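Taking it in order: structure first as structure tokens, then the write-up.
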Amino acid sequence: MGFLGWIFLVSIFLCFYASGSSSTDDFRQAFPIVEPDSGHTKLRLAREGLKAIERITTPIAAVAVIGPYRSGKSFLLNQLLSLSCYEGFGVGHMRDTKTKGIWVWGTPLELDIDGIKTSVLYLDTEGFESVGKSNVYDDRIFALATVMSSVLIYNLPETIREADISRLSFAIELAEEFYGRFEGQDVAFEPAKLLWLIQRDFLQGKSVQQMVNEALQQVPNNDGDRNLDQVNQIRESLAIMGDNSTAFSLPQPHLQRTKLCDMNDDELDPMYVQKREQLKELVASVIRPKIVQGKPLNGREFVSFLEQILEALNKGEIPSTGSLVEVFNKGILERCLKLYDQRMGELRLPLPEQSLQRAHGNSKEEAMKVFDGQHFGRHHAKQSVAKLNEEIEKVYKNFMLANEYQSSKLCEALYTKCEDKMDQLQVLRLPSMAKFNVGFLQCNQSFEEECVGPSKASYEQRMMKMLGKSRSQFIKEYNNRLFNWLVTFSLVMVVVGRFVIKFILLEIGAWVLFIFLETYTRMFWTAESLYYNPAWHFIVATWETIVYSPILDLDRWAVPIVVTLSIFVLYWRCYGRRKHGARLLLPLYNQKGGTSRPRSD
């Protein structure tokens, strides 16, 4: 292949590359941003046009033209943009492809508005009342253009009809919801400037503003007709947008309308050219950046805003302000619900029911306060408030269940701990009523202080029942065990006094105790009668003093003490007596005669 052949191939490649990238790089053309679905009832996004908007980093303002089918909207936009029909928006009578959905001119006009560089987008909308469309579809187009735009040009040929005023009812409802926020706060949406554009040569001696005012006057309704009441209600609602409404007339550019695209300004009606330039100046003077919740939108934020509107409009079979409010409040609802869940999640469960209810009330109040400061809509927002309240109550029920579970878990652990404690007190080696009472009170007090939450009431009943049963069982066995211990103790002391330390007084005292215990029960046949004897009470008091006190718990130290005493006694018997002789012994068992007998072989 020769040099010329390579140049030819490279040229073809560059042509293909340029053609493939022109759709994305060349923004000086009209792009669809919203298209109808196959049934021409709902709308969907067109990504090609959204790319042209997303690249814009400066605040955006939008000028949208709405009006009946074949009323000259596309031609008007081309005139405002100083474009011919061949390079601007497609004009219906000269091309087969007419405007479907909403189109945008890809290259925005750059204006300095109040010292802020603003990108102004011009939007062309599909006309109303065309063949093969439903009124619901027209309402969606109208509502979308109303919410998106900063300036809404209502392009009307000849005159204002009642249907044109009625179509504004949806826009008025939107205005009441979104444009009428609380005084002193940021508005949800900055109201669009409504520009009544009447294209007509003669106004019968009236100005276009007078014509609009007369069309919006109340209709007499002496008979109380409901339809007329609705008509007058729409006229009353228009007062909301009264401060943002302007009327303007534009004469016909030329009698031969089919040839307008081929005419220059010097061929058009001079009056039209003059009024067109005035219209450009009027639009530039009233336009402002699109504001949502006090913040101007750049390209990406504007596209996100558009997606929200479209989702809301397509949500139901018939678009409604309620569906718009619901979708726009969806993100705010999620944030407020997350805030409530976060505040409640900071609690350390379990809690008393009143404390949990108080925390629920405070967290709910905080979430509602945030919602009140950020939500969209005034009237239909009540539905969103009800939904937020419903979702909060669902989350609160989960926290209540979690609190009940944690309360039951904690109280069960405390109950089991007390039950084990009572079982341990039942089997003390040295039974002590004082020690049992201390353990009883500690267990009861710890349960009362630490067991909290909704399960406390039921566990309190179980606790009282268990403690009462343990107490009665301990008292029942206490005297019997103490009696057996005293009998055993008296016999042990007899042996110790007689053979270990040889202390006769200790032996005598032990015998007296043993004889008293045995003979008393033999005489009165039952041991229980002993427990009412004053002598027995004295023995019990002495026993309690010895066995348990705040300083010494003999039940715990009995084994170490016995072992220590045993070692001491063995040491004294084996080593101490040999070293010190009879002087260390108690002189109770010395033999008579004073001298020892001689040792025998």
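Nothing in this text is a laboratory measurement; each read-out follows from the coordinates by a stated rule. Quantities reported herein were computed from a predicted structural model and do not represent experimental measurements. Glycine also receives a Cβ, built like all others from the backbone with ideal geometry; neighbour counts cover every protein chain displayed.
Projected label points at GLU365 and ARG47, each 7 Å from Cα along the beta carbon direction, are separated by 4.9 nanometres. Scattering from the C-alpha atoms of the range 265-363 alone, worked out with Debye: what is log10 I(q)/I(0) at q = 0.11, 0.25 1/Å? The computed values of log10 I(q)/I(0) come out as -0.67, -1.23. Along the range 80-85 the Karplus relation, 6.51 cos²θ - 1.76 cosθ + 1.60 evaluated at θ = phi - 60°, assigns HN-Hα couplings of 5, 8, 6, 10, 7, 5 Hz to successive residues, with x for each Gly and Pro.
Full extension of the chain between THR107 and ILE546 yields a length gain of 147.8 nm, computed as 0.36 nm times the residue separation minus the alpha carbon distance.
What pairs from LYS421/LYS476; LYS338/LYS409; LYS42/LYS100; LYS295/LYS369 go past 23 Å between their alpha carbons?
Those over the limit are LYS338/LYS409.
Remark on LEU121: its backbone amide H falls under 5 Å from those of ALA61, ALA62, VAL63, a criterion applied only to residues 5 or more positions apart or on other chains, H modelled at 1.01 Å from N. The label point for VAL487 and the one for TRP511, both projected 7 Å from the Cα toward the Cβ, are 2.0 nm apart. Our estimate of slack between ASP223 and VAL495, defined as 0.36 nm per intervening residue step minus the Cα-Cα distance, is 85.6 nm. If you plug the beta carbon distance of GLN445 and LYS117 into 1/(1 + (r/R0)^6) with R0 = 51 Å, you get a FRET efficiency near 0.10. Here the simple spin-label model places points 7 Å from the Cα toward Cβ, and for LYS417 and ALA386 these points are separated by 4.9 nm. For the pair SER472 and ILE504, what calculated FRET efficiency results from E = 1/(1 + (r/R0)^6), where r is the Cβ-Cβ distance and R0 = 35 Å, to the nearest 0.05? So the FRET efficiency works out to roughly 0.25.
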